[in-house]
Amino acid sequence: MATLSNTNDSTRGRLIGHFDNVPLERHASAWSELWDQGESDLWDRGCPSPSLVDLLEHQPDVLNPIAPSGRRKRALVPGCGRGYDVILLALHGFDAYGLEISPTAVATGKEYAISELKEPSLCYFSTPSEAKREEYRKNRGEPRFLQGNFFESDWDGEVVSQSDHGSKFDLVYDYTVGPLYSEV
Ligand SMILES: C[S@@+](CC[C@H](N)C(=O)[O-])C[C@H]1O[C@@H](n2cnc3c(N)ncnc32)[C@H](O)[C@@H]1O
């Protein structure tokens, strides 16, 4: 299985090479090293997942951000990177939490969210209607960033359950978090 299919061969080689001979239990810190060395361009595609934009706007009944009780739903994006999908989900009504292993990524995501929410890029919408985009912006939820390892259990302490089913999140959306896989 190949991941990161939108990157070219030499970029993919550099990224996979960084994890060569690194045992799985050290992958989390290996990701942090890449952030600290300013190498997030190895995977950063500069926009949210197009299929998620499409789903949110064209099938709102599938991903309705408002629960039957009227409360705003919460979404989690593990391994959110710069936070494109966090901002996307917030702009479409969710309180969206991005989780990152790297403190540098968390700081980068928070800074990016502040600038992007002032005037969101067009890539966050598929509607051609400016009025509709304004409506999304007015009804948006909050993006938040947490630092921790998705595969451990100590990162969501500050998130209090608000749902009647006891879960902290209503939706989990992942795009390429975690271990890299090579061709099999
Ligand atoms: C390939 S990048 C994808 C980033 C983002 N989803 C995107 O589409 O731009 C994987 C991200 O997951 C983070 N990550 C890797 N393992 C993690 C873990 N166990 N817990 C939290 N974040 C993790 C890395 O720091 C990196 O930013």
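I'd like the isolated cysteines in the chain, meaning no second cysteine's beta-carbon lies under 4.7 angstrom from theirs.
Cys with no partner Cβ under 4.7 Å: C80.
With a 10 Å cut-off between alpha carbons and a GNM built on the chain, which of P65, P128, P48 moves the most?
Of P65, P128, P48, the most mobile in the Gaussian network model is P128.
Quick one: length gained pulling I66 to E130 fully straight, 0.36 nm per residue minus the C-alpha distance? Write out the running numbers ahead of the final one.
Values: separation 64, 0.36 × 64 = 23.04 nm, distance 2.25 nm.
Result for the pair: 20.8 nm of gain on full extension.
From the cross-link list K118/K138; K110/K138; K73/K110; K138/K168, which pairs have alpha carbons spaced over 22 Å apart? Intermediate values should be presented prior to the final figure.
On the way: K118/K138 11 Å; K110/K138 20 Å; K73/K110 20 Å; K138/K168 25 Å.
Beyond 22 Å between Cα atoms: K138/K168.
What is the set of long-range amide H partners of G98 at a cut-off below 5 Å, with H atoms built 1.01 Å from backbone N?
V77, R144, F145, L146
Dimensions of the chain along principal axes (Cα, Å, largest first)?
49, 38, 32
Can you give me the distance in nm between label points at V160 and K138, each placed 7 Å from the Cα along the Cα-to-Cβ direction?
3.0
Taking amide hydrogens as modeled 1.01 Å from N in the peptide plane, which residues meet the under 5 Å criterion relative to V172, leaving out close sequence neighbours?
L76
Report the longest stretch of the chain that contains none of the GluC sites (Glu not before Pro) sitting in a DSSP loop with at most 11 other Cβ atoms within 10 Å.
For GluC sites (Glu not before Pro) (loop position, at most 11 other Cβ atoms within 10 Å), the longest site-free span of the chain is 1-151.
Angle, helix 27-36 long axis vs. longest principal axis of the chain, Cα atoms, 0 to 90°, nearest 10?
That works out to roughly 80 degrees.
Binning at 5 Å from 0, report for the range 89-142 what percent of all alpha-carbon pair distances ends up in each bin.
Answer for the range 89-142: a P(r) of 4, 18, 27, 24, 15, 8, 4, 1 percent.
Select from L34, L89, L24 the residue whose mean-square fluctuation is largest in a Gaussian network model of the chain (Cα-Cα springs shorter than 10 Å).
Looking only at L34, L89, L24, the biggest GNM fluctuation is shown by L24.
Residue by residue, what Karplus-based ³J(HN,Hα) values in Hz, rounded to whole numbers, does the range 63-78 have, using 6.51, -1.76 and 1.60 with θ = phi - 60° and x for Gly and Pro?
Residue by residue, the range 63-78 yields 10, 6, x, 10, 6, x, 6, x, 6, 7, 6, 10, 10, 10, 10, x Hz.
To the nearest 10 degrees, how steep is helix 9-18 against the longest Cα principal axis of the chain, on a 0 to 90 scale?
70
Which of rounded, prolate or oblate describes the range 37-102 when judged by the alpha-carbon gyration tensor and an a/c cut-off of 1.5? Please list the in-between numbers first.
Working: a/c = 3.71, a/b = 1.79, b/c = 2.07.
Oblate shape, in that a/c is at least 1.5 and b/c is the bigger or equal ratio.
Only the coordinates and a few stated rules stand behind these numbers; no lab work does. Worth saying up front: this structure is predicted, and the values here are computed from it rather than measured. Note that we place each Cβ from the backbone using ideal geometry, even for glycine, and neighbour counts take in every protein chain shown.
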